[in-house]
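Beneath this line is the structure, given in structure tokens, with notes to follow.
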Amino acid sequence: MMGVNEKRGSAFPEGGVLETPKKTLFQENWGLFRKNRLAMAGLMIFVAFFIIALTGRILTYGRDPYFNPALVRLQEKLRPPLSKPNMETLKPEEVPRLGIYLFGTDDLGRDVFSRMFQGSWVSLTVGFVAVSIAVVIGVFLGGIGGYYGSSQISLGYLLASVLLGGGIIGILLGGTAVGVLMVLLGAAVAAVLIRMGNSKGKRPIPMGFSVLFFNLFSVDVLITGLIDIMLCFPSFFLILTVVALLPASIYNIMIVIGLTSWMGAARFVRAEFLSLREQDFITAATALGVSNWRIIFRHMVPNAMSPVLVSATIGIATAILTEAGLSFLGFGVPPPDATWGNILSSGKDFLFDAPWLTFVPGFAVLIVVLAFNLFGEGLREVLNPKLRER
Amino acid sequence: MLSVHDLKVFFHSDNIVSRAVDGISYEVREGETVCLVGESGCGKTVSALAILGLVPQPPGKIRGGKILFKGKNLLDLDEKILQEIRGRAISMIFQEPMTSLNPVFTIGDQVEEAIITHEAVKKDEAHRRTIELLTDVGIASPEERMKDYPHNLSGGQRQRVMIAMALACKPDLVIADEPTTALDVTIQDQILHLFRELKEKRHMALLYITHNLGVVAEIADRMYVMYAGIIAEVGNVEQIFRDPSHPYTMGLLDSLPSRARKGKPLYSIPGAVPDPAYKPQGCPFNPRCPYVQESCRGEFPEMCDFEDHHFARCPITYKQRKGS
Amino acid sequence: MLAFLGRSLIQKIITLFFVSVISFLIIYLAPGEPSQIDPMNPKFTQEVLERFRKEFHLDKPLHVQYFYFYRDLISGKSVSWKDNRPVLGKIYERFLNSLPLFILGTLITWTLSFPVGIHAAIRRGSFYDRSTTFLAYLLISIPGFFFAYMLIIFVVTQFHVPVIGMETFGISSAGWSWLMDRVWHLLLPSILFGAGGIAVLSRYVRNQMLEVEGQDYVRTAKAKGLPADKVHYKHALRNALLPFVTMFGLILPGLLGGSVIIEYIFSWPGMGRMAYEAILARDYPVILTVNFISAILVLVGTFISDLLYMVVDPRIRL
């Protein structure tokens, strides 16, 4: 055999292989995303919408805004879009800024364009805040379920949590005496648990107290149980119920939508965490002594985020649709604030006489929601290698 | 019987062209066992898929060459005719037994399907033949096993079922794409033994793709060494193991742990296999080659005739051997 | 296998219990009094108010109210606070009205989604695929009521037919024309009910099909020499359909879900509309009963899904 081994000693260039140009993960994903024209269109519309909403907020805010959405001009009611104002009947400050009623007026003579402008901010914030709440809750619960899933909850833990939690709620609701009592009891149980837990191996636990350590069920069962319970509620119906019972306000709506839509994110995160937990790089990190929190936040969460991201964008779309639906039924943001939903709602009585009151906000919602959906689907295709062309 | 001429298969994505198979030619004669050897990423699987028209055509594209099977160019043939050839004249065994069988059908159904698709036989005849086949490939109690689903079987057993499916219609050529790579070494041994047996009994031609030189030594008559989409060396197994003539082949053989080098550090070819989209100019092995010279970086080397039926694509070693 | 089903059943009952407690708490913790007890209304004297409170146990502590309420619910004795009719009776009546809407809508959804989705997956990237994709997004994004009104406007102006309500007012209640009238009134709301579902389901079908088509065993099927339709419809489809069999069980909860807005627009006297009216009137028994029933539907639906999945996937034979 030829003495290749001998050649090894010679001055051989180190590898010297042509390297593939490196792209960061983001660049690679962005490149793929860009090719999807529909998704790009979605992204651009989303950015445009964001800008419009922001300017809308600034220009329609306060008592004397640049575009006045609340100005009632009964003499100009139900004018079609692009119609000129009747200059004789209007005071100078009542004339619309652009010189014409760009989207017409509603049944109180208010300029629909200004109202749409104002409503865009509401739609935007409702979407984002609601989804943020949902994502935070979902990622938190899903993460705990996925990571600590097999940890067991003992009777003592449950007792202490219920007492403490119930006590705090009791105090808040006004039943101070009972509440304080429960909190004290809960603290006592917790103290016993901690004390005995620490000395578990060293000293035998006195009779009776060992029942406190009886394992009831695992964290995972708790979390999935919670998810299952929430899933039993018909979502729109539940939101409607709560919103109808609470005083009407934009914050209530956002919070309620957020509190009822975290289940999807939780399930995704839990599933991802469960599979990630078994992966070698996590075992390696644990073996290196990395703390639990760091593992969760630095290693697992970034990997689990892609389905959450996709469901978040689509969630914003759904939230906007839900808000529009609520307003339509009369339970949305209270007047005189304009939202796209309540413009639509006021339009339903004038369906044939003033169809623009239905079409303008309807199309607006359609376009924005479509944009988010397209963007979300584009994200999903990019982030999910299984769906890519091989 | 099968001869591939100057086959080129490229993959296009994002304006990048990946030259997975860059002009290779090989042939398999009746009854012989040919091994296509190379590391992961050298294009051997793609060339095999191209034979049966299984290369996914949106990203992939066949850019040239011919694949002659019994005189006809498979690349020109209609899909319908290809379907008749697949599984009957030429059949293929894949690398991953765990995922290559359909999980919702019994293995009996799947083997029977292979028979019924190509031959007009009745159900019970197909049933009988399936049992025969399963016995041939070494599955115990085939009558009961037929009703099992793939997930009830071990990896080795699933691979045997794949082999049974491939042999169902007595093909002229069987292409086996690293059939034992995903299995334990002991199972690997059994499967190889099975292949040898079947080869003797049925006189079929076998194109065996692998990266394991030990396997090549066990079963092959002739071998082709592939690197970065091209054939680097071809010859009888004995010739090549005795006198490896391409620097890559030499490197491969040197990397085998052997008792003769006990106590010395293991050798490995420096560098890494090039990305099929960014191949070096000239001879693709030149960045890693201990014999590299200026000319290697310039022009693409031709095949040189070292011995009877033993060729290698390296003029440098050729000159060294024949020259002086 | 029985052990698994048994455990699943127990789990579901526990879940149902918690759902009942939580819905109860939500309603009762909300500010405001139920409809008839309006202290501002001069018709209600103090005595009447007190008597009312006693009758509906509103003076007792929460857990007692909970007990009374659910006892009445299950025995069928609970009555609506709005019109004093038994809740279950009301629900049943409205249920019968919602049912044809639900059945037709679901049929439309499921029979159209599969062919569309499968075809789009097999011809990935083609004009058919891209146009159906875009249409699907459009349908998902359009607000239900907007789409409804557009359709109504279109139908009314083009065909000059009435579309609101279950039947045209004053039509005689027998004979062929009556039947046609009923069917006609059913059509539009059912289409709306099904439309959104088609969009979502066909996308899902397409994605599932694509994922399966990329699997190794599909390649094996092709390598065996099977013709294209056997490869797609026998080998790939059978695997792609697995998750949908389980979704089948989950249709059940849809009975209550999507219909509120549609029933509102079309003045269809169904369960969704009743739920809406109950919320407006703070008719707690009705609201809670509807909630409870919905939860039962979800749990039964998931139970059926679990069963079906076990039957259909040979890998899960417990």
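Across all directions, the average projected area of the convex hull around the alpha carbons of region B:248-324 is 6.8 nm². Karplus-based coupling profile of region B:197-211, in residue order and whole Hz: 4, 4, 4, 5, 5, 9, 6, 9, 7, 10, 9, 10, 9, 7, 10, with θ = phi - 60° in 6.51 cos²θ - 1.76 cosθ + 1.60 and x standing for Gly or Pro. Look at where the Cα atoms of region A:57-74 and of region B:35-52 average out, and the two centres are 71 Å apart. Classification of region B:150-213 by its C-alpha gyration tensor yields an oblate form. The axis ratio a/c (a ≥ b ≥ c) is 1.5 or more, and b/c is at least a/b. Quick one: what do you get for region A:310-390 if you divide its Cα Rg by 2.2 N^0.38 Å? Computed over Cα atoms of region A:310-390, the ratio equals 1.39. Counting every alpha-carbon pair across chain B, the share separated by more than 25 Å comes to 54%. At an R0 of 60 angstrom, the distance between the Cβ atoms of residue B:80 and residue A:287 translates into a FRET efficiency of 0.60.
With the simple model of a label 7 Å out from the Cα in the direction of the Cβ, residue C:233 to residue B:217 spans 5.3 nm. Taking the Cα centre of region B:132-266 as reference, the dipole from Cβ charges on Lys and Arg (+1) and Asp and Glu (-1) amounts to some 340 debye.
Diffusion coefficient (Stokes-Einstein, Kirkwood radius over C-alpha pairs, 10 °C, 1.306 mPa s) for region B:29-162: 94 µm²/s, rounded to a whole number. Determine the alpha carbon to alpha carbon distance for each of B:199/C:230; B:123/C:234; B:44/B:322 and list only those over 28 Å. From the list (B:199/C:230; B:123/C:234; B:44/B:322), the Cα-Cα distance tops 28 Å for B:199/C:230; B:44/B:322.
Label region A:18-167 by shape, choosing from rounded, prolate and oblate, from the square roots a ≥ b ≥ c of the eigenvalues of the Cα gyration tensor; if a/c is under 1.5 it is rounded, and otherwise prolate applies when a/b is larger than b/c, oblate when it is not. In terms of gyration-tensor shape, oblate.
In the protein assembly as shown, a dipole from Cβ-located charges (positive for Lys and Arg, negative for Asp and Glu) runs towards its positive end, and of B:118, A:378, A:354 it is A:378 whose Cα lies farthest in that direction.
Per residue of the protein assembly as shown, the DSSP helices (runs of n ≥ 4 H) give a summed -39500 (n - 2.57) that works out to -18000 deg cm²/dmol at 222 nm.
Note on region B:170-324: the alpha carbon radius of gyration divided by the globular reference 2.2 N^0.38 Å gives 1.15. Counting every C-alpha pair in chain A, the share spaced more than 34 angstrom apart comes to 51%.
Positive-end ranking of A:194, A:149, A:302 along the dipole of chain A, with charges on Cβ about the Cα centre, is headed by A:194.
Under the convention that each Lys and Arg Cβ holds +1 and each Asp and Glu Cβ holds -1, the size of the dipole of region B:232-285 around its Cα centre is about 340 debye.
Coordinate range of the alpha-carbon atoms in the protein assembly as shown per principal axis, descending: 121, 87, 68 Å. Principal semi-axes of the equivalent ellipsoid, √(5λ) from the alpha carbon gyration tensor of region C:173-318, are 40, 22, 13 Å from largest down.
Basic side chains Lys and Arg get +1 at the Cβ, acidic Asp and Glu get -1 at the Cβ, and with that the dipole of the protein assembly as shown about its Cα centre reaches some 1160 debye. What the Cα convex hull of region B:220-268 gives, in volume per residue, is 82 Å³.
Counting Cα-Cα pairs of region C:119-166 in 10 Å increments starting at 0 gives whole-percent bin shares of 23, 31, 26, 18, 2. Across the alpha-carbon atoms of region B:24-99, the computed radius of gyration and Dmax are 13.0, 36 angstrom.
Restricting attention to chain A, lysine pairs at least eight places apart or on different chains and with alpha-carbon atoms under 28 angstrom apart total 8. Subtracting the Cα-Cα distance of residue C:126 and residue C:300 from their residue separation scaled by 0.36 nm leaves 58.6 nm. Dividing the radius of gyration of the alpha carbons in region A:80-158 by their Kirkwood radius gives 1.50 for Rg/Rh.
Just so you know, all these numbers are worked out from the coordinates, no wet-lab data involved. In this text the structure is predicted, and so the values were computed from the model without any measurement. Every residue, glycine among them, receives a Cβ derived from its backbone with ideal geometry; neighbour counts consider all protein chains shown.
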